[in-house]
Amino acid sequence: MAIRCFIAIEIPEAIRKAVTAVTDSLKNTGADVKWVSDENIHITLQFLGETEESLIPKIKDTLDKILAPYSPFYIKMSHIGCFPNGRHPRVIWVGIEECRTLINLHNDITNAMAEFGYPKEDKEFTAHGTIGRVKSQKNSLGLRRRLDEIKTAEFSGFEVNSITLMKSELKSSGAKYYSLAEIPFGRRSNVNEGSSEG
């Protein structure tokens, strides 16, 4: 049986709610947008799509190996933007300040997943959390104006110390996400952890 999967960094609840509070004003424009509920906002590292359940343990083991040399690192969410551009918004997102470690992590994951047959994306990785998908041009002018007003919004940073292999179920009410496995980074700041003294 196949399940719909992706690999992501989960965002702390307080930051998700702060993002939603800022972007609530976008909803007031009356634009035709399918908004992502705050509990579903996350940073996708790679979308895998339909995946045979028998592959899940192998994918998890591979991710364990990838994360072994990584230490926790810090990222900060800032700016509200859209793809492909401000004149023709299709996907509305909250951005992530540039972080070399995050880019390296994404590259390591996509290289490893390619061995399972998952294709790499041609476009350059832009870390973001999707907050809405535009369905039509209804009230698009008001949406674009409001996006321009809040584009410099900044949010708190947080420490990333794990990634999550997620399952996505598409329901009439929207997508529902479930954690299949949380994979922590291998390195710890406390190098004496687990040691014993005689």
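Against the conditions (1) basic (Lys, Arg); (2) part of a strand (DSSP E or B); (3) surrounded by 14 or more Cβ atoms within 10 Å (Cβ to Cβ), ARG146 satisfies every one except (2).
Would you say LYS120 is surrounded by fewer than 19 Cβ atoms within 10 Å (Cβ to Cβ), over 20 Å from THR20 (Cα atoms), of a type in the set (D, E, K, R) and touching a strand residue (DSSP E or B) at 6+ places or on another chain (Cβ under 9 Å)? Yes. In this structure, is ARG100 surrounded by fewer than 12 Cβ atoms within 10 Å (Cβ to Cβ) and under 20 Å from ALA8 (Cβ atoms)? Spelling it out, ARG100 is indeed surrounded by fewer than 12 Cβ atoms within 10 Å (Cβ to Cβ) and under 20 Å from ALA8 (Cβ atoms). The residue pairs whose first member lies in segment 1-25 and is more than 16 Å from LEU147 (Cα to Cα), whose second member is at pLDDT 90 or above and among the basic types (Lys, Arg), and whose beta carbons are closer than 8 Å, counting only pairs six or more residues apart or on different chains, are ILE3/LYS167; ARG4/LYS167; CYS5/LYS167.
The requirement of being in contact with a helix residue (DSSP H, G or I) (Cβ under 9 Å, 6 or more places away or on another chain), of a type in the set (S, T, N, Q) and closer than 30 Å to THR29 by Cβ is not satisfied by SER136.
From the list THR44, THR29, THR62, the one residue that fits, being in a helix (DSSP H, G or I) and of a type in the set (Ser, Thr, Tyr), is THR62.
Does segment 78-96 contain at least one residue that is surrounded by fewer than 16 Cβ atoms within 10 Å (Cβ to Cβ), touching a helix residue (DSSP H, G or I) at 6+ places or on another chain (Cβ under 9 Å) and within 18 Å of ILE11 (Cβ to Cβ)? For segment 78-96, residues surrounded by fewer than 16 Cβ atoms within 10 Å (Cβ to Cβ), touching a helix residue (DSSP H, G or I) at 6+ places or on another chain (Cβ under 9 Å) and within 18 Å of ILE11 (Cβ to Cβ): absent. Here is the figure for segment 126-143: residues that are surrounded by 16 or more Cβ atoms within 10 Å (Cβ to Cβ) and under 14 Å from PHE47 (Cα atoms) total 4.
What are the residues in segment 32-41 that are crowded, with 21+ Cβ neighbours inside 10 Å and assigned to a strand (DSSP E or B), if any? Within segment 32-41, just VAL33 meets the criteria.
I want to confirm something. Restricting to segment 1-25 and keeping residues that are part of a helix (DSSP H, G or I) and either under 30 Å from ALA112 (Cβ atoms) or touching a Gly at 6+ places or on another chain (Cβ under 9 Å) (or both), which single residue is modelled with the lowest pLDDT? That would be THR23.
The values are calculated or read from the model by the stated rules, or taken from the named source; none is laboratory data. Predicted, not measured: the structure shown is a model, and the values here were computed from it. Note that we place each Cβ from the backbone using ideal geometry, even for glycine, and neighbour counts take in every protein chain shown.
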